[in-house]
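The values are calculated or read from the model by the stated rules, or taken from the named source; none is laboratory data. Not measured: the values here are computed from a predicted model. Don't worry about glycine lacking a Cβ; one is built from the backbone with ideal geometry, like all the others, and counts go over all protein chains shown. Surface areas here come from the heavy atoms of the whole protein model, side chains and all, with no ligands, DNA or RNA. Shrake-Rupley method; radii C 1.70, N 1.55, O 1.52, S 1.80 Å.
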Amino acid sequence: MPFTPDSQLKLLFSPDLIPTAVREALPNDLHVRPLASDDYNRGHLEVLKVLSVVTDPGIEAYKTQFELMSAPSGATPVSPGGWSKAQAYYVISIVSRATDQVVATGTVFIERKFLRGLGSVGHIEDIAVSKDMQGKKLGLRVIQVLVAISEKVGCYKTILNCSDENIPFYEKCGFKKKENEMAKYASESPTPGRL
């Protein structure tokens, strides 16, 4: 499949948020850009399988999720007395120019807070690099892009959760170990109204 330029794609957000320095640090046969509405056909879900079980929702449900993620949420001031809707999800793809397939991906979503003067926090999630592309610093490039986006949209910090074995990698990316993560999955919830 020939490489599809950004101008021919429906992208999740403006590619202008992706730092030029990261684009230039990638090998010439790779391209970084926002998630495209048809990255389903470029193996986006296959790349995510290195992280967890991925159920294929089908192309229509994928596109619906894309539309929901591209919809602005919350509001941010653009000028005194003026407000605009703000993007909440930023998913990126690193694509092979030779195959037009996604080889790495990651997400940062923006949490609006009442703390820190109504600040925002970037949450990094779902960093994935296809098995055949691991060891080529693509994970580092994904993190660099996501942190840059988080900072460009005004977040006062960027955070992520990771396994103990991935701590050294994220420390090399500039993150520091802080606090602990707790999780409760919906399937473990007690019956509503009963504890």
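The set of residues from region 5-36 being in contact with a strand residue (DSSP E or B) (Cβ under 8 Å, 6 or more places away or on another chain) and hydroxyl-bearing (Ser, Thr, Tyr) comprises just one member, 14.
Among the residues of region 128-180, just one is touching a Leu at 6+ places or on another chain (Cβ under 9 Å), open to solvent by 30 Å² or more (accessible area, probe 1.4 Å) and β-branched (Val, Ile, Thr), namely 153.
Among the residues of region 46-66, the ones that are outside any loop (DSSP other than H, G, I, E, B) and free of Cβ contacts under 8 Å to residues at least 40 places away in the same chain come to 7 in all.
Would you check if there is a residue in region 176-188 being at pLDDT 95 or above and not charged (D, E, K, R)? Looking through region 176-188, none of the residues is at pLDDT 95 or above and not charged (D, E, K, R). Annotation: residue 13 fulfils all but one of (1) outside any loop (DSSP other than H, G, I, E, B); (2) over 24 Å from residue 131 (Cβ atoms); (3) out of contact with any Lys or Arg (no Cβ under 9 Å at 6 or more places or on another chain); the unmet one is (1).
Residues in region 17-26 that are surrounded by 12 or more Cβ atoms within 10 Å (Cβ to Cβ) and part of a helix (DSSP H, G or I): 17, 22, 23, 25. Here is the figure for region 5-16: residues that are surrounded by 16 or more Cβ atoms within 10 Å (Cβ to Cβ) and either farther than 13 Å from residue 91 by Cβ or among the aliphatic types (A, V, I, L, M) (or both) total 3.
Among the residues of region 27-45, those identified as surrounded by fewer than 17 Cβ atoms within 10 Å (Cβ to Cβ) and touching a residue at least 60 places away in the same chain (Cβ under 8 Å) are 27, 28, 29. From the list 111, 125, the lone residue that is touching a strand residue (DSSP E or B) at 6+ places or on another chain (Cβ under 7 Å) and exposed (fewer than 14 other Cβ atoms within 10 Å of the Cβ) is 111. Looking at region 94-191, the helices (runs of 4 or more DSSP H) lying wholly inside it that each contain 2 or more residues that are under 18 Å from residue 48 (Cβ atoms) sit at 138-152.
Just one of (1) at pLDDT 95 or above; (2) out of contact with any strand residue (DSSP E or B) (no Cβ under 8 Å at 6 or more places or on another chain) fails for residue 80. It is (1). Here region 25-60 is the region considered, the condition is being of a type in the set (A, V, I, L, M) and over 14 Å from the mean Cα position of the chain (by Cα), and the residue that is farthest from residue 13 (Cα to Cα) is 53. For region 93-116, filtering for residues that are of a type in the set (D, E, K, R) and touching a residue at least 40 places away in the same chain (Cβ under 8 Å) leaves 3.
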